[in-house]
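Just below is one structure, and these are the notes that go with it.
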Amino acid sequence: MSSPSTESSRPKVVVTRDLGPDVMPLLRARRDLDVVTWPENRVVDRNWLLQNIPGALGVLVMMTEKVDEELLDAAGPSLRVVSTMSVGYEHADLPELAKRGIKFGYTPDVLTDAVADLSVMLALMASRIAGEVISLVQNNQWPTVSWAPFNLCGYQLSTSRTSPKRTVGFLGFGRISQATLARLIPFGITDCIYTANPSSPPQPSRDEQLLKRHGLNSLRRVDMDELARESDVLFVLAPGGPATRHLINEDFLRKMKVTSVLVNTSRGTLVDSEALAKALREKWIWGAGVDVVEGEPNVTTDHPLVKEPRCIVLPHVGSGTFETRVGMATLAVQNLLAGIDGGSNMPAALDLRNKL
């Protein structure tokens, strides 16, 4: 573990991970700054952070670091900006940041393509019972399986002669949802339905453009009941937080088709894990693919979703491509430096005015 930083005449910034050879030079090029970096490739030690942050102008954190009153008190009045290398910001006390006048940067949009790719991958894996069939090979059971016309079959994501209509549903219809829809079009998706925040106004011109661009039969905003009933594949891509907790619950899942698939690549809190496990166990739906789970990373082999063979569980790797992580780290550094320099040019600053 690294010891607290030595005294320096230069103003200090604290970085809670080494951001690699493509990004760290952006920080080191600032000769006017003392860049104090946690040297290990693991979650920063809380005591190290509390010891090193006093007097810092800025701090760059990951989702694993709680930006709370304790940390902000330790930093003191010098702190101008907190930059997080993440899209989510549940780990930051936004009202406390707003009260102290500290700017907050995050990294939206950079991971759109990576998460959209992974969402489609999970839909394919869940539809084709990938968890079950992969386990046959890994557990040396393939030689014991007798071939039969309908053994090890799943459902196509694509349309077919017997299934000429495919409806994809989205809980939330932002950039990632729209990027996911674009990737699904070559599979022959015919219809798209979605829900949005009730306070969000309808966007008929955007929907009409997407309808024409993708050659869909229909693209409609619907209520939660219709979303559940009509979706062949449902993608959960809405923000986390108290307002969206357990939107996917037992009541919702019971309304879905027995052939439907649910994919969650947004926040684990949106889906009631116990209800989803029950839905899979009792075959209310066909399958599920989740990259996020409520309570993560405390998800072990005894977790109800991990126990379900029709559920693909990934350890929150939606942004896990080299291209995306470099992009996120670069944006986080840009936010940090701009925040130190006054904040007016931060490329992705969260508006905290309504957080007081």
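Here are a few things to note about the model shown:
- For the range 251-306, filtered to residues that are among the acidic types (Asp, Glu) and over 24 Å from Ser158 (Cβ atoms), the residue that is farthest from the chain's Cα centre (by Cα) is Glu282.
- For the range 35-59, filtering for residues that are in contact (Cβ under 8 Å) with a residue 40 or more places away in the chain and at negative phi leaves 8.
- Test: Ala238 is surrounded by 14 or more Cβ atoms within 10 Å (Cβ to Cβ), part of a loop (DSSP other than H, G, I, E, B), out of contact with any Cys (no Cβ under 6 Å at 6 or more places or on another chain) and hydrophobic (A, V, I, L, M, F, W, C): yes
- Selection within the range 241-279 - over 25 Å from Asn298 (Cβ atoms), crowded, with 16+ Cβ neighbours inside 10 Å and either of a type in the set (Phe, Trp, Tyr) or in contact (Cβ under 8 Å) with a residue 60 or more places away in the chain (or both): Val261
- Residue satisfying all of: in the range 300-329; of a type in the set (A, V, I, L, M) and touching an Asp or Glu at 6+ places or on another chain (Cβ under 6 Å); farthest from Ile129 (Cα to Cα) among these: Val326
- Conditions (1) surrounded by 15 or more Cβ atoms within 10 Å (Cβ to Cβ); (2) part of a loop (DSSP other than H, G, I, E, B); (3) under 28 Å from the mean Cα position of the chain (by Cα); (4) at pLDDT 95 or above; number of the one not met by Pro54: (3)
- So Asp32, is it in a loop (DSSP other than H, G, I, E, B), in contact (Cβ under 8 Å) with a residue 40 or more places away in the chain, exposed (fewer than 15 other Cβ atoms within 10 Å of the Cβ) and more than 22 Å from the chain's Cα centre (by Cα): no
- Remark: Pro164 matches the filter, which requires a residue to be more than 25 Å from the chain's Cα centre (by Cα) and in contact (Cβ under 8 Å) with a residue 24 or more places away in the chain.
- Residue check, Ser135 outside the structural domain of Gly287 (by TED's automatic domain parsing) and out of contact with any Lys or Arg (no Cβ under 9 Å at 6 or more places or on another chain): no
- Subset of the range 313-345 [over 16 Å from Gly88 (Cβ atoms) and touching a helix residue (DSSP H, G or I) at 6+ places or on another chain (Cβ under 6 Å)]: Thr321, Val333, Asn345
- Answer from Val67, Val82, Val59 - the residue that is touching an Asp or Glu at 6+ places or on another chain (Cβ under 7 Å) and at pLDDT 95 or above: Val67
- Test: residue in the range 203-218 that is part of a strand (DSSP E or B) and hydrophobic (A, V, I, L, M, F, W, C): no
- Every condition in (1) exposed (fewer than 15 other Cβ atoms within 10 Å of the Cβ); (2) within 22 Å of Leu57 (Cα to Cα); (3) out of contact with any strand residue (DSSP E or B) (no Cβ under 9 Å at 6 or more places or on another chain) holds for Thr330 except the one numbered (1).
- When each of Ser119, Ser158, Ser163 is tested for being in the same structural domain as Asn264 (by TED's automatic domain parsing) and assigned to a helix (DSSP H, G or I), the lone residue that passes is Ser119.
- Annotation note: of Ser146, Ser135, Ser83, Ser78, the sole residue that is among the hydroxyl-bearing types (Ser, Thr, Tyr) and part of a strand (DSSP E or B) is Ser83.
- Residues satisfying the stated conditions in the range 308-356, i.e. among the aliphatic types (A, V, I, L, M) and assigned to a loop (DSSP other than H, G, I, E, B): Leu314, Val317, Met346, Ala348, Leu350, Leu352, Leu356
The values are calculated or read from the model by the stated rules, or taken from the named source; none is laboratory data. Every value quoted in this text rests on a predicted model; they were computed, and no experiment measured them. Neighbour counts are summed over all protein chains in view; Cβ atoms, including those assigned to glycine, are modelled from backbone coordinates with ideal geometry.
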